Amino acid sequence: MATVSAGDLRKGLAIEMEGAPHLIVALEFVKPGKGQALYRCKLKNLITGQLSDRTYRSGDTFQTAEVRDTEMQYLYHHADSYYFMHPETYDQIEMSAEDVGEASNFLKEGMLVTLLLYEGRAIGFNLPNFVELEITETDKWVKGDTASSDTKTAVVETGYALQVPPFVEVGDIIKIDTRTGKYVERVKR
Amino acid sequence: MSSVSRDKPQFLSHLESKRYNLLVRSEVLRLIRAFFHTKGFVEVETPLLLSTVAPEEYIEPFTVEGRYLAASPELQMKQLMSAGWDKLFQITHSFRKGEKGSLHNPEFTILEWYRLAKELEKLMEDMEQLFLFVARGLDGNAGISFGGGQVDLSPPWKRLSVTEAFLQFAGWDPVAEFDQTRFDIDLVSKVEPNLGFEKPVFLHSYPAAAASLAALCPDRPEAAMRVELYIAGLELANGFFELRDPVEQRERFEIARERIRESGRTPPPLPEVFISCLEYMPPCAGAALGVDRMVMLFCNASSMNEVMAFNWEEC
């Protein structure tokens with residue numbers, strides 16, 4: 001943790017505010033005519049995700065927040081807890097189902113994800129943009145059935161259900177875009 | 001002749017991308033000069049390396065070889081007015097330490113003009129006519145497109161007092177009770193974003209504590225005869241009905257010097273020659289306009305860098 005003044009603030013820096021790390025997502029130097037130098041910031045609370053606007057004077061000081069991205073491997077989940085492990089130190093980190101949120105739809109054992117660590121705990125993570133998952137349930141495709149709709153429902157190994165083209169079958173591996181949750185293509189049958 | 005096969009350096013293609021804006025800039029400068037010459041103003045030049053500058057709490061000058069780089073040409077322009085000129089203008093560079101952002105560059109182009117006047121009204125009319133003249137000279141149109149909106153430059157523009165603007169947008173009156181930090185923060189975050197989006201706005205009658213070098217209103221000494229021009233939320237120009245009382249001017253400079261000392265900096269010496277000229281200065285009004293911001297407006301640019309060939313980081 002380091003002390004910085006408003007003049008040292010930069011986009012991408014995380015600072016402590018009201019007990020939570022806040023990421024500076026936008027920063028603008030403003031100075032009214034004959035007035036003092038001000039820094040208008042857009043901050044994102046890294047725990048709640050909430051955005052806020054603040055204006056600071058050049059003399060204001062801040063504590064930087066120790067927030068870092070760390071690549072970790074997803075191990076398994078048990079009840080409401082998700083467990084991740086650092087691939088080199090073997091340190092384990094636990095996250096609640098609530099914090100993992102909808103990303104649990106795409107978490108497969110052994111997958112590498114980027115965890116955002118703050119004071120020894122994970123406050124968020126980034127999934128890869130695309131994941132490959134196996135189909136575990138879907139209706140059989142009847143060849144020549146041109147009357148049926150363009151897509152059908154399928155369930156992948158994580159339990160996540162989505163719409164896929166009719167030719168996709170149980171056992172196929174498909175690519176999913178984690179940002180939209182949608183089917184991209186069939187990787188292997 | 002060898003053929004050029006390598007890719008051009010990135011800084012050259014960056015410069016090339018500014019070609020259109022630099023052409024507009026050249027036209028704006030030509031039109032500003034044409035406007036003031038037509039109106040009978042005399043163009044002057046004043047030095048950039050000075051023995052002192054106006055002590056101002058929030059303007060930090062650069063020092064070079066024991067001298068100061070001009071933070072504005074104001075003092076020398078007023079000394080010339082004291083020597084009997086009636087209409088003067090100048091386009092020059094000014095320097096202010098640490099002012100760096102999308103609307104600031106530590107070295108910038110400033111237009112200042114001074115005229116004999118009995119109040120601020122004439123100065124506001126100069127601003128209205130100047131912008132209209134430049135806009136018409138560029139494309140024959142009295143309207144400009146800026147930041148996704150349209151601004152109609154045809155006069156008269158809106159006049160709004162600081163009291164009216166703050167009561168409407170920030171819920172308090174800084175003229176009745178002044179608080180510097182609250183004033184600055186509310187001005188940039190609540191008031192300015194509402195000013196000048198359909199027609200330009202003159203914000204006038206500033207709190208006496210923010211008078212700077214302006215005279216106080218004779219019938220309302222808590223307010224100063226100071227005006228700021230806003231177009232599409234952008235602060236373009238600052239104007240004063242000039243303070244001519246040497247005693248009061250000295251007092252204001254001393255207060256500013258004390259504040260500079262309190263903030264840990266060394267204040268510039270009192271500009272004694274300027275102060276001694278004031279009793280000879282006729283009633284006059286003067287304005288300072290940010291030329292780079294004015295060009296931004298006519299180029300629909302979102303930062304000063306887009307309209308300057310080289311900004312602070314590029315030279």
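Worth a mention:
- Counted residues, the range B:116-141 - those being assigned to a loop (DSSP other than H, G, I, E, B) and exposed (fewer than 14 other Cβ atoms within 10 Å of the Cβ): 3
- Scanning the range A:22-46 for residues that are at the interface with another protein chain (Cβ under 7 Å from one of its Cβ atoms) and touching a Lys or Arg at 6+ places or on another chain (Cβ under 7 Å) turns up A:Glu28, A:Phe29, A:Val30, A:Gln36, A:Ala37, A:Leu38.
- Listed conditions (1) modelled with pLDDT under 95; (2) more than 22 Å from B:Leu187 (Cβ to Cβ) are all met by B:Lys100, apart from (2).
- Residue, farthest from the other protein chains (Cβ to nearest Cβ), within the range B:176-199, restricted to residues that are assigned to a loop (DSSP other than H, G, I, E, B) and surrounded by 23 or more Cβ atoms within 10 Å (Cβ to Cβ): B:Gly196
- Between A:Asp60, A:Asp53, the distinction of being within 14 Å of chain B (Cβ to nearest Cβ), under 30 Å from B:Leu203 (Cβ atoms) and touching a helix residue (DSSP H, G or I) at 6+ places or on another chain (Cβ under 6 Å) belongs to A:Asp60 only.
- The range B:262-273 - residue that is under 15 Å from B:Pro61 (Cβ atoms) and either among the hydroxyl-bearing types (Ser, Thr, Tyr) or assigned to a helix (DSSP H, G or I) (or both) and, of those, most open to solvent (accessible area, probe 1.4 Å): B:Thr266
- Residues that are open to solvent by less than 60 Å² (accessible area, probe 1.4 Å) and β-branched (Val, Ile, Thr), drawn from the range B:36-58: B:Val42, B:Val44, B:Thr46, B:Thr52, B:Val53
- Test: residue in the range B:243-253 that is surrounded by 20 or more Cβ atoms within 10 Å (Cβ to Cβ), closer than 19 Å to B:Glu125 by Cβ and either in contact with a strand residue (DSSP E or B) (Cβ under 7 Å, 6 or more places away or on another chain) or touching a residue at least 40 places away in the same chain (Cβ under 8 Å) (or both): no
- Residues located in the range B:149-159, provided they are within 20 Å of the chain's Cα centre (by Cα) and more than 13 Å from B:Ile231 (Cβ to Cβ): B:Arg159
- Restricting attention to the range B:13-56, the residues being modelled with pLDDT under 95 and either touching a strand residue (DSSP E or B) at 6+ places or on another chain (Cβ under 6 Å) or not in a helix (DSSP H, G or I) (or both) number 1.
- Some residue of the range A:94-112 being open to solvent by less than 30 Å² (accessible area, probe 1.4 Å) and farther than 28 Å from A:Thr70 by Cβ: no
- Residue selected from the range B:200-211 under the condition within 11 Å of chain A (Cβ to nearest Cβ) and part of a helix (DSSP H, G or I), by the criterion nearest to the chain's Cα centre (by Cα): B:Ala210
- Verdict on A:Leu133 being crowded, with 19+ Cβ neighbours inside 10 Å and modelled with pLDDT of 90 or more: yes
- Condition check for B:Pro155: closer than 23 Å to B:Phe89 by Cβ and not hydrophobic (A, V, I, L, M, F, W, C): yes
- In the range A:80-105, the residues that are in a helix (DSSP H, G or I) reach residues that are open to solvent by 30 Å² or more (accessible area, probe 1.4 Å) and acidic (Asp, Glu) with C-beta atoms within less than 6 angstrom, at least six apart or across chains, in these pairs: A:Ala97/A:Asp80.
- Taking the range B:212-238 as the range and being touching a Phe, Trp or Tyr at 6+ places or on another chain (Cβ under 8 Å) and not in a strand (DSSP E or B) as the test, the residues that pass are B:Ser212, B:Leu213, B:Ala215, B:Ala232, B:Gly233.
- The range A:1-15: number of residues that are away from every other protein chain (no Cβ under 13 Å), open to solvent by 10 Å² or more (accessible area, probe 1.4 Å) and within 14 Å of A:Tyr56 (Cα to Cα): 1
- Failed condition for B:Val162, given (1) more than 22 Å from B:Thr38 (Cα to Cα); (2) open to solvent by 10 Å² or more (accessible area, probe 1.4 Å); (3) not aromatic (Phe, Trp, Tyr): (2)
- Qualifying residue in the range B:21-32 (condition: surrounded by 15 or more Cβ atoms within 10 Å (Cβ to Cβ) and either aromatic (Phe, Trp, Tyr) or within 14 Å of chain A (Cβ to nearest Cβ) (or both)): no
- Of all residues in the range B:59-102, those satisfying the criterion of being open to solvent by 60 Å² or more (accessible area, probe 1.4 Å) and either free of Cβ contacts under 8 Å to residues at least 24 places away in the same chain or away from every other protein chain (no Cβ under 14 Å) (or both) are B:Thr63, B:Glu65, B:Gly66, B:Arg67, B:Ala83, B:Gly84, B:Trp85, B:Asp86, B:His93.
- Residue identified as touching an Asp or Glu at 6+ places or on another chain (Cβ under 7 Å) and free of Cβ contacts under 8 Å to residues at least 12 places away in the same chain among B:Leu167, B:Leu203, B:Leu213: B:Leu167
- Filtered residue count, the range A:58-79, keeping only those that are open to solvent by 60 Å² or more (accessible area, probe 1.4 Å), closer than 26 Å to A:Ile135 by Cα and either in contact (Cβ under 8 Å) with a residue 12 or more places away in the chain or not in a strand (DSSP E or B) (or both): 3
- Residues that are open to solvent by 10 Å² or more (accessible area, probe 1.4 Å) and not in a strand (DSSP E or B), drawn from the range B:103-115: B:Leu103, B:Asn105
The values are calculated or read from the model by the stated rules, or taken from the named source; none is laboratory data. As the structure is a computational prediction, the values presented were derived from the model and not from experiment. Virtual Cβ from ideal backbone geometry, glycine too; neighbours counted across all protein chains shown. When the accessible area is computed, the model is the full protein with side chains, heavy atoms only, and any ligands, DNA or RNA have been set aside. Shrake-Rupley method; radii C 1.70, N 1.55, O 1.52, S 1.80 Å.
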